[in-house]
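The values are calculated or read from the model by the stated rules, or taken from the named source; none is laboratory data. Given the structure is predicted, the values throughout are model-derived calculations rather than measurements. Don't worry about glycine lacking a Cβ; one is built from the backbone with ideal geometry, like all the others, and counts go over all protein chains shown.
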Amino acid sequence: MPSASPNRWKVCAFRLAAVLIGLAPLVLVEAALVVLDIGHPSESGDPFVGFSSVRPLFVPSGDGARYEIAPYRLEQFVLESFEADKPAAAFRIFVIGDSTVQGNPWSIETSFTKWLELSLQAADPSRHWDVVNCGGISYASYRVVPIVQEVLGYQPDLLIVHSSHNEFLEDRTYGRIKRMPRGVAWTCERLSRLRTTNVLSDGVRRLAGRAEDNAAKDRTVLAAEVEALLDYRGGLEFYHRDDEWRQGVIAHYEFNLRRMAAIARDAGVPCIFINPALNLRDSPPFKSEHRADISADEADRFDELWTEARSYYANDRPRALRLLRAAVAIDDQHAGLRYDIAKCLDAMGLVEDARREYVAAKELDICPLRILESMNQAVLDVGHDTQTPVMDARKLFEQLSRHGIPGGDWFVDHVHPSIRGYQMLAGELADELVRLGVVRPGESWTARRDELYAEHLRSLDTLYFTKGQQHLDGLMTWAQGRVTKQRPASTKGPKAP
């Protein structure tokens, strides 16, 4: 085969040189901004929401020896602290996220962060392992981002982020924002690393006069602390089917994951995402609605079929299933019906069909307090795109569960694991840190870990577990929209999503 002609090589070289010359100004500008420390990616704000104020999570203790959770944050967080002067042998891990991080319905004493710290101590007692719990009740990803930014100032060696089930709790507006295609998101995430991009974006906003004056119009401004719709009486009534709003929430979630990955990477701090798990088998939907165009006669027939099916659940499941399928032919958008179909299939041993119906019931839930499938996928996608390790808790609990469908054997409610579940989550995280070379365990370290686990459990009194059960009862009341707290008259009620 003849080789390429000299002229062809010259054309290619000329084009390459032209591209390099064209990029030279950008490279020089980017280098100058790095030297001047201008346009850092963490300075770019959230285009979806803002906050009336952002207060630090940690403040110095009275003697200045430690940092501790600020008193004004203790409604959402549990008291936690760490040394202001980091010991030389310390390896400091901040675990940031939601109530699963906090260890609900109990507290941080039995959260996966505590079991992880004990596991690391057993694996390598020569180091001082400091696992700091930054789990906030009802905290969504957009509230987690400022905490990620804050803890980078406290000499972290590793960040672990679990942000999952709270994305639909607060009222906010997205207009016509849609889920960003993966290819576009990949490109935008890489462009966001450039300081030039951030300086230009900020300049455009300022020249347009929108940086301050129109902030409230362009994005929702949220209170300093969480104001969940379900925190007040009648909160469940504000949830209705709104596909456009749902897509905005999903897009915002992925945006925040990418932003956290970029912030950690640019600070030179390793980060691990946890892909959240949930109770699929034993958690019915929190709110169901008929399809929008169902007629009154169709709704009546739907109810007749479902009522008749219930009478056969105990002694004739095949007949019950036929009636349920006749009802779903009328309306396949009703989450509660899909859940009953799943339970019927499950009891009949039709596991794969049951799994599909369990997932459909979760996805159709009008009040989605469990992470959606597209959001689980977003964690995996962002991890892949940004080279951020992902510990797949969802896969872990599927492997542990009967027929691969997580339920009440590992979860105490819709999303929070049992204490044993938290231990398994910590064990998988410890294994991930071994794979990443963060810890090199000695021989028989798991036996020592089990001893530390047992010692720690014995140190907790009965009152600790009693309070956990009381908290679980209150949590279920909250999730079912049965709280009695009245919304303050001076506060404008939320719009229906």
- Message: Against the definition (touching a residue at least 40 places away in the same chain (Cβ under 8 Å), over 28 Å from Asp346 (Cβ atoms) and small (Gly, Ala, Ser)), how does Ala430 come out, yes or no?
- Response: yes
- Index of the failed condition, Val49 passing every other in (1) over 14 Å from Ile147 (Cα atoms); (2) of a type outside the set (Ser, Thr, Tyr); (3) loosely packed, with under 15 Cβ neighbours inside 10 Å; (4) modelled with pLDDT of 80 or more: (3)
- Message: Looking only at residues that are in a helix (DSSP H, G or I) and of a type outside the set (Gly, Ala, Ser) in region 269-299, which one is surrounded by the fewest Cβ atoms within 10 Å (Cβ to Cβ)?
- Response: Asp297
- Task: Name the residue, out of Ser52, Ser61, Ser119, Ser107, that is closer than 27 Å to Leu463 by Cβ and touching a strand residue (DSSP E or B) at 6+ places or on another chain (Cβ under 8 Å).
- Result: Ser61
- Message: Could you check region 232-259 and list, in sequence order, the residues that are farther than 27 Å from Trp410 by Cβ and touching a strand residue (DSSP E or B) at 6+ places or on another chain (Cβ under 9 Å)?
- Response: His252
- The number of residues in region 72-95 that are under 23 Å from the mean Cα position of the chain (by Cα) and of a type in the set (A, V, I, L, M) is 5
- Message: Need the failing condition index for Ser490 against (1) within 27 Å of Ile366 (Cα to Cα); (2) modelled with pLDDT under 70, just the number.
- Response: (1)
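What number of residues within region 308-320 satisfy the criterion of being in contact with a Phe, Trp or Tyr (Cβ under 9 Å, 6 or more places away or on another chain) and either assigned to a loop (DSSP other than H, G, I, E, B) or surrounded by fewer than 22 Cβ atoms within 10 Å (Cβ to Cβ) (or both)? Quick ask: steps written out before the conclusion?
Start the filter on region 308-320 by keeping residues that are in contact with a Phe, Trp or Tyr (Cβ under 9 Å, 6 or more places away or on another chain), which leaves 318-320.
Checking the rest, the ones that are also either assigned to a loop (DSSP other than H, G, I, E, B) or surrounded by fewer than 22 Cβ atoms within 10 Å (Cβ to Cβ) (or both) come to 318-319.
Residues that pass the stated criteria total 2.
Hey, could you check region 370-394 for residues that are outside any helix (DSSP H, G or I) and more than 12 Å from the chain's Cα centre (by Cα) and say which is surrounded by the fewest Cβ atoms within 10 Å (Cβ to Cβ)?
Of everything passing the filter in region 370-394, Gln387 is surrounded by the fewest Cβ atoms within 10 Å (Cβ to Cβ).
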- Evaluate the following for Ile366: is it within 23 Å of Trp410 (Cβ to Cβ), assigned to a loop (DSSP other than H, G, I, E, B) and either modelled with pLDDT of 95 or more or not β-branched (Val, Ile, Thr) (or both)? no
